1. How do A:H41, B:H221, A:H240, A:H78 line up, fewest other C-beta atoms within 10 Å first?
2. Enter the angle in degrees (range 0 to 90, nearest 10) between the Cα long axis of helix B:137-149 and the first principal axis of the Cα atoms of chain B, meaning the one along which they spread out most.
3. Applying 1/(1 + (r/R0)^6) with R0 = 30 Å to the Cβ-Cβ distance of A:D56 and A:L143, what FRET efficiency is obtained, to the nearest 0.05?
4. Once you average over the residues of B:90-97, how many Cβ atoms of partner chains fall within 10 Å of each Cβ?
5. How long are the semi-axes of the equivalent ellipsoid of chain B, taking √(5λ) for every eigenvalue λ of the Cα gyration tensor, in whole Å from largest down?
6. Mind listing the phi-derived Karplus ³J(HN,Hα) values for region A:88-99, rounded to whole Hz, using 6.51, -1.76 and 1.60 with θ = phi - 60°, and x for any glycine or proline?
7. Of all DSSP beta bridges in the protein assembly as shown, what percent run antiparallel (nearest 5)?
8. Rounded, prolate or oblate, given the Cα gyration tensor of chain A, with a/c below 1.5 counting as rounded?
Amino acid sequence: MISGLILNALLAGTMAGSLCGCTGVLCTRMGVNTIAFATAHAALAGAALSLVVGGDPIVLGLVLALVTAVILGPLSDHLRIPLDITSMSMFSVYNALTFIFLIISPGATLASEKVGQILWGSVLAVTLNYLIVLTTLTVIYILFLVVFWGRISSILFNPKLAEAEGVNVKAYTYALVALAGAVTVFTLRITGGFLVFSLLFIPAASALQLSENIRKIVLAASLLRLTSAITGVGLSFTLHLPVGSCIVIGAATILAVAATLSVFKRKRLLKTISFQI
Amino acid sequence: MDTWLEGEVKLKPVQELEKNEVYAVEFQGVSTYYFGEAKPAITNVWLKIPPKSLTLIVGPNGSGKTTLLETLLGLLKPKFGRVKLLGYDVPEQVNVARRMCGYLPQDFMRPPGEPFSVKEIVGMGLASNKPFGKLNENDWLMVEEALNLVGIDDLANRPVGRLSGGQQQKVMLARALVRKPKLLLLDEPFSALDETSRRFIAETLLPSLIEDGCTVVMVSHDVSFKPKGCTMTVRMNSGRIVEVNLR
């Protein structure tokens, strides 16, 4: 029974980890971190809303996240407010709504298992259906990147130039943000709402320390996030601690190691340059 | 040969077209404002640029030269007037027209950690014109040709952030050229180049592009520098066209 749970958690951690790492790098490069942040909190609010109205937290979270990803850009254009400000305003609203939904949800609030799953995550929430949906999302995500990589990389390099050359930058950006929202919703179950955002961006920060090639950065972020997920799940089972927290600690440790290695690498490069001079 | 078009400030000359030709660029009373600004960045611009010509747009910093190019490409939306790019209405049909254009932006410098190689960046220039943005072997050969044309084929696999300003500007020029554009828009293309490179581009490369049927619009704040084959010089000041000189 336990080994089945561990296996499910590891599989889910592997897929969600890779998706999170990849999403973090893409969002960082595209400068849409605040949009991803707002979308992620929309997912959290949607999951919390499910406690009040009933229904599947994933479905409600996904709906709210996708709606947010789609409306943020046009809303910002319509209101003539910068996108960052609009995103952070939405983030605050979703945060407030999350707490309101948690408080008004029936039953013992913060102590209940369902609330715990949303806030802190749980490996018990990893079911076969969840794994199937996560696998489907992973396949869609990979296909999207592989098929459209030429245009996506052009946007990652310089969105304004890509637009000037006829790439539909808005459509690709919204699609990637919507995928980021979906990734957040599904990762929420394992890591919890409070920690999912750090898991998007810590592996991206680590990968940026280690490589100077965009494909390697995306791959490294996915692998590092995957490593921290496996380590976190292992630690969680061994020490009986929340799985999300253990994964974040693992990811942060990797970031510290990557940053240290990067310092040595830069020093070595400087030495080589001064030797050549 | 020359005809004259009624504008706000003074009469501006335009060249007549041959049968079945359209102007590469048309501005009809265009004014563009930046977000939150009460004063327009360009005001009541009337301009027609014929195909297969080289037009130089000059003027001091802040005179509206870059705004003019960005309005033309639909990156900025004009508040008044009408813009046509290669005969297509902007912004309604701009994506069709954009695919036939090459653009070298003014802000081309990348930070040292930029994770793309020279070859990848030039290849991106073809992404918008290919189904799903996928490049084939022939496309990569075109990338090599473009790099060779601007003399940086030896830098193909280097990360762009490790290159000098002049080399990076050549990378962006190669990206604009690899698209085999009908209209090439160059924003301060010589700002980081050495004398030899400037001379090659101005006296050999641009005239050969025009011979092949390309229209070149070049923005520069350096009024003393005029590339070979330049047929029209447009002078801007405070967002307005103040003078147009034909060759």
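1. Fewest-to-most Cβ neighbours within 10 Å comes out as A:H240, A:H78, B:H221, A:H41.
2. Here the helix axis deviates by roughly 70 degrees.
3. Calculated transfer efficiency: 0.75.
4. For this peptide, the per-residue mean of nearby foreign Cβ atoms is 1.
5. Three semi-axes, in Å: 30, 19, 19.
6. 5, 5, 5, 4, 5, 4, 5, 4, 4, 4, 4, 5
7. Antiparallel bridges: around 55 percent, rounded to the nearest 5.
8. oblate
Each reported figure results from applying straightforward, stated rules to the coordinates on display, with no laboratory input. Quick caveat, the model's predicted, so the values are computed rather than measured. Note: ideal-geometry Cβ built from the backbone for every residue, glycine included; neighbour counts use all protein chains shown.
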